[in-house]
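Before any comments, here is the structure.
The values are calculated or read from the model by the stated rules, or taken from the named source; none is laboratory data. Everything numeric in this text was worked out from a predicted model, so none of it was measured. Please note: Cβ atoms are built from the backbone with ideal geometry, for glycine as well, and neighbour counts cover all protein chains shown.
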Amino acid sequence: MAALCRFRHTPFVVNDEDGHSGGPAYYGRVSMNYLLLIYSEEPAEAPSQEVIDQVMSDYWEFEKAVADAGVKVGGAALQPSQTATTVRVQNGERVVTDGPFAETREVLGGYYLLDVPDLDAAIDWAAKCPGAKYGSMEVRPVMEFEGIPSQ
């Protein structure tokens, strides 16, 4: 049985004029896209080459596993948070600031977009991702809207 979200209700679905929902069956899909967000602390100093090599080896192994399983839709590593730019619109004016949205110990470092049958499968993959070992993983379903196929 698929796990329910923490809000204990069914996922948000948009219905068309005929009452069809935009769920996976409507599109002929038996799976759903989940975004695995990788969070970790940015090191105060550069790690040793040995540490970098081990971490990258772990990620290449995971990368191969999701590709071989046919569930990887996309993914990327992100540049350090110092390279981020935050954009807001306040009182109709664009406000651009350097840096991430919030000061936190853990920052978003990358993501994987997977097409899997359910939340349980997404959680299983998140637990296998090196990001779970070196930081934390956020698993979030991708919202799909009626009439706009996700792929």
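Structure notes:
- Single residue of the stretch 67-117 satisfying the filter (in a helix (DSSP H, G or I) and over 18 Å from the mean Cα position of the chain (by Cα)) that is modelled with the lowest pLDDT: Q82
- Evaluated against (1) modelled with pLDDT of 85 or more; (2) more than 22 Å from the chain's Cα centre (by Cα); (3) in a loop (DSSP other than H, G, I, E, B), I52 falls short on exactly one condition, (3).
- Residue count for the stretch 134-149 under the criterion of being surrounded by fewer than 16 Cβ atoms within 10 Å (Cβ to Cβ) and under 11 Å from the mean Cα position of the chain (by Cα): the result is 4.
- For the stretch 109-151, the tally of residues that are among the acidic types (D, E) and under 15 Å from G74 (Cα atoms) stands at 1.
- Residue check for A121: assigned to a helix (DSSP H, G or I), farther than 30 Å from P47 by Cα and aliphatic (A, V, I, L, M): yes
- Of all residues in the stretch 99-133, those satisfying the criterion of being crowded, with 16+ Cβ neighbours inside 10 Å and among the hydroxyl-bearing types (S, T, Y) are Y111, Y112.
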